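Asker: One structure coming up, written as structure tokens, with questions to follow.
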Amino acid sequence: VTASDASESGGGLTASYRLSGWGSRLVRALDRNPDWFFSGRSPPQTGGEGEILGVGAFDGISAMQVALEILGAPVAGFLSMECSSPARRVVQHHFPTTQHLSLTQEFNETKARELALKYPRVQLVILGGGPPCQGVSSLNAGRKGAWVDPRSSQYAEMGRIRDLLVKHFPWAKVFALMESVKGMD
């Protein structure tokens, strides 16, 4: 079951009748260690060869960090950018070593350089994010579109952040993943 907050005056809800392949993998991971999510464990801060640096823009409760843990990925560190203080508290509780910025706009040349100096041996940087979608969702009858709505226009931050990561991590592969709503204007 999923629910969406994309509407100004309601929401969307959908249910499925079976698990996807990824959903089945999650269930198997939870069967092996049902307390993993509530353990408060954090990714190692070793900065060793072959490790991953995760960067979550519009990070919410850090679903990408949860996915990396389920997959057993060798995460050297994680930077979360999220303006919601309740969401940041959830991340701080479950992943106490995560670095935080309140706004994506705070990620600049200086922050990118500091991150590169802290993690000089990572081989992969994954930038993931889901910019606010209320202004582009078909669930919102008054949607203004990504160019006009101040929330949804933040999608442009993803390209800026990716470019800074590519510039300051020239030795690593940098991948960017972005999600949004199907009915995007």
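The values are calculated or read from the model by the stated rules, or taken from the named source; none is laboratory data. Bear in mind that the values here come from a model prediction, so they are computed numbers and not experimental data. As a convention, Cβ positions derive from the backbone with ideal geometry for all residues, glycine included, and neighbour counts pool all protein chains shown. The area values use the complete protein model at the heavy-atom level, side chains included, leaving out ligands, DNA and RNA. Shrake-Rupley method; radii C 1.70, N 1.55, O 1.52, S 1.80 Å.
Asker: Checking Thr98 against (1) at pLDDT 90 or above; (2) over 19 Å from Val125 (Cβ atoms); (3) surrounded by 13 or more Cβ atoms within 10 Å (Cβ to Cβ), which single condition isn't satisfied?
Answerer: Condition not satisfied by Thr98: (2).
Asker: Looking only at the range 54-94, which residues are surrounded by fewer than 22 Cβ atoms within 10 Å (Cβ to Cβ) and assigned to a loop (DSSP other than H, G, I, E, B)?
Answerer: Those that are surrounded by fewer than 22 Cβ atoms within 10 Å (Cβ to Cβ) and assigned to a loop (DSSP other than H, G, I, E, B): Gly60, Ile61, Gly72, Ala73, Pro74, Cys83, Ser84.
Asker: Separate question: Considering only residues that are within 13 Å of the chain's Cα centre (by Cα) and touching a residue at least 24 places away in the same chain (Cβ under 8 Å), which ones fall in the range 99-130?
Answerer: Thr104, Val125, Ile126, Leu127, Gly128, Gly129, Gly130
Asker: Determine whether the range 111-120 contains at least one residue that is aromatic (Phe, Trp, Tyr) and either open to solvent by 50 Å² or more (accessible area, probe 1.4 Å) or over 16 Å from Val166 (Cα atoms) (or both). Give the derivation first.
Answerer: Of the residues in the range 111-120, the ones aromatic (Phe, Trp, Tyr) are 119.
In the following step, the residues that additionally are either open to solvent by 50 Å² or more (accessible area, probe 1.4 Å) or over 16 Å from Val166 (Cα atoms) (or both) were identified as none.
No, the range 111-120 contains no residue that is aromatic (Phe, Trp, Tyr) and either open to solvent by 50 Å² or more (accessible area, probe 1.4 Å) or over 16 Å from Val166 (Cα atoms) (or both).
Asker: Select from the range 108-139 the residues that are among the β-branched types (Val, Ile, Thr) and in a loop (DSSP other than H, G, I, E, B) and write down the one among them that is modelled with the lowest pLDDT.
Answerer: Going through the range 108-139, the residues among the β-branched types (Val, Ile, Thr) turn out to be 110, 122, 125-126, 136.
Right, trim to in a loop (DSSP other than H, G, I, E, B) and you get 122, 136.
Working: Val122: 93, Val136: 60.
So, considering only residues that are among the β-branched types (Val, Ile, Thr) and in a loop (DSSP other than H, G, I, E, B), the one modelled with the lowest pLDDT is Val136.
Asker: Next question, about the same structure. Is it true that Arg162 is over 14 Å from Ser62 (Cβ atoms), modelled with pLDDT of 90 or more and either of a type in the set (A, V, I, L, M) or open to solvent by 40 Å² or more (accessible area, probe 1.4 Å) (or both)?
Answerer: Numbers: over 14 Å from Ser62 (Cβ atoms): yes; modelled with pLDDT of 90 or more: yes; either of a type in the set (A, V, I, L, M) or open to solvent by 40 Å² or more (accessible area, probe 1.4 Å) (or both): yes.
In short, yes.
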